[in-house]
Amino acid sequence: MGNSALKSHLETSQKTGVFQLTGKGLQEFPEELQRLTANLRTVDLSGNKIEFLPASVGNFLLLKSLTLNGNKLTGLPDDIGKLKKLETLSLSGNRIQRLPSAVGQLKALRTLNLAGNLITEFPAGLGTLRQLDLLDLSRNRIQSVPAEVSELQAIEINLNQNQISVLSTEVSRCPRLKVLRLEENCLELSSIPHSILAESQVSLFSVEGNLFEVKNLRELEGYEKYMERFTATKKKFA
């Protein structure tokens, strides 16, 4: 991509606070963006070939949305934790295996999208994200959902298309969790904690494509209570 094209993008971004440069084959995070640390609120560099984020990404203190879907990222720098105003971090379709603990410092974060990466363990330390609404971990390689999940404040957790065979009963203690997606995993009917049905806030529990027929959920204790929540939510949005 020519310098003149980048220059015009930078000039526009200075006025709008938005820098969007997608599908241009960029190999690295544009250094030139450092000139705009006082302006940028939205950066979208999806569909490029960026392999790592520089530590200087922590300089964008006003950034509210950072989108790098479809790149070649294998991780994130610790300096990502400096983005105290960041509300959306979208990194689907990369090669990320784990998150730095600094992600837990993103106190304003509402959406964390890590779909289609190489994550093998449910990320720890996200319970500090008090504003988190959506956590998308679909299409990874996660095998179990640990007890620490109870600390999460998310309203929706998407774990579709993983390799999950173990689901902690603690998931039923997530204080705000309404939607739990576990389609196309390795769950047996006996792996489903009754507490999710009987005691949680979950009103949409999506488990198609596991090692049991969905209709067999009806056999589990607490199913009627779950259906009451499910029906009430449907009516609300009807």
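Please name all residue pairs, on different chains or six or more residues apart, with Cβ atoms under 9 Å, provided the first residue is in region 8-33 and is surrounded by 14 or more Cβ atoms within 10 Å (Cβ to Cβ) and the second residue is of a type in the set (Phe, Trp, Tyr).
9/19; 10/19; 13/19; 29/52; 30/19; 33/19; 33/60
Can you pull out every residue in region 52-78 that is of a type outside the set (S, T, N, Q) and open to solvent by 40 Å² or more (accessible area, probe 1.4 Å)?
Scanning region 52-78 gives 52, 55, 61, 62, 64, 72, 78.
Checking the conditions here, which among 202, 171 is in contact with a helix residue (DSSP H, G or I) (Cβ under 7 Å, 6 or more places away or on another chain), outside any loop (DSSP other than H, G, I, E, B), aliphatic (A, V, I, L, M) and modelled with pLDDT of 95 or more?
171
All but one of (1) among the hydrophobic types (A, V, I, L, M, F, W, C); (2) open to solvent by less than 40 Å² (accessible area, probe 1.4 Å); (3) closer than 29 Å to residue 127 by Cβ; (4) in contact (Cβ under 8 Å) with a residue 24 or more places away in the chain hold for residue 36; state the number of the condition that does not hold.
(3)
Mind counting the residues in region 48-88 that are over 21 Å from residue 119 (Cβ atoms) and either modelled with pLDDT under 95 or among the small types (Gly, Ala, Ser) (or both)?
So the count comes out to 4.
For region 194-209, name all the residues that are open to solvent by 20 Å² or more (accessible area, probe 1.4 Å) and either more than 28 Å from the chain's Cα centre (by Cα) or under 14 Å from residue 183 (Cβ atoms) (or both).
Those that are open to solvent by 20 Å² or more (accessible area, probe 1.4 Å) and either more than 28 Å from the chain's Cα centre (by Cα) or under 14 Å from residue 183 (Cβ atoms) (or both): 204, 208, 209.
The values are calculated or read from the model by the stated rules, or taken from the named source; none is laboratory data. Just so it is clear, the model here is predicted, and its values are computed rather than measured. Counting neighbours? That spans all protein chains shown, and the Cβs are built from the backbone with ideal geometry, glycine included. Calculation scope for accessible area: heavy atoms of the full protein, side chains included, ligands and nucleic acids excluded. Shrake-Rupley method; radii C 1.70, N 1.55, O 1.52, S 1.80 Å.
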